[in-house]
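For reference, the structure discussed in these notes is given below.
The values are calculated or read from the model by the stated rules, or taken from the named source; none is laboratory data. On a predicted model such as this, the values are computed, not experimentally measured, just so you know. Cβ placement follows ideal geometry from the backbone for every residue including glycine, while neighbour counts extend to all protein chains displayed.
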Amino acid sequence: MTTNSKTRTNKLALIIGGAIIAAIWLATFAALALMQPDLKTRMVILAVGAGSTELVLYAGAAWFGINIFNRFRSFLRHRGE
């Protein structure tokens, strides 16, 4: 078992790491769009970036939901002991 302070530290590291990855992700698509001279190409790159970001967010939400479900199921299982 981990202590509460270690859990808080791990959560903070995950949040900071996720924020850094998101910033790099958005900066990459913005830079790719700015390098293109044609407006249609820029819009396609931005749409692809938005679509892939949405898929990543859905995956994160699914992971979060599965974790919450497993914690709740574990809580119910150990409640009677």
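When you scan the range 57-72, do you find a residue that is out of contact with any Asp or Glu (no Cβ under 8 Å at 6 or more places or on another chain), more than 24 Å from Lys11 (Cα to Cα) and part of a helix (DSSP H, G or I), even just one?
No, there is no match, as no residue in the range 57-72 is out of contact with any Asp or Glu (no Cβ under 8 Å at 6 or more places or on another chain), more than 24 Å from Lys11 (Cα to Cα) and part of a helix (DSSP H, G or I).
Going by the conditions given, is Leu46 among the hydrophobic types (A, V, I, L, M, F, W, C), assigned to a helix (DSSP H, G or I) and surrounded by fewer than 10 Cβ atoms within 10 Å (Cβ to Cβ)?
no
Residue under question is Leu76, and the condition is that it be hydrophobic (A, V, I, L, M, F, W, C), exposed (fewer than 10 other Cβ atoms within 10 Å of the Cβ) and out of contact with any Lys or Arg (no Cβ under 7 Å at 6 or more places or on another chain); does it hold?
yes
Examine the range 26-37 for a residue that is assigned to a helix (DSSP H, G or I), at pLDDT below 85 and under 14 Å from the mean Cα position of the chain (by Cα), and state whether such a residue exists.
Yes, there is a match, as at least one residue in the range 26-37 is assigned to a helix (DSSP H, G or I), at pLDDT below 85 and under 14 Å from the mean Cα position of the chain (by Cα).
Under 7 Å between Cβ atoms, at least 6 apart or on separate chains: pull out the pairs that start in the range 38-56 with a residue that is of a type in the set (Ser, Thr, Tyr) and end on any residue that is surrounded by 13 or more Cβ atoms within 10 Å (Cβ to Cβ).
Partner pairs satisfying both residue conditions: Thr53/Trp25.
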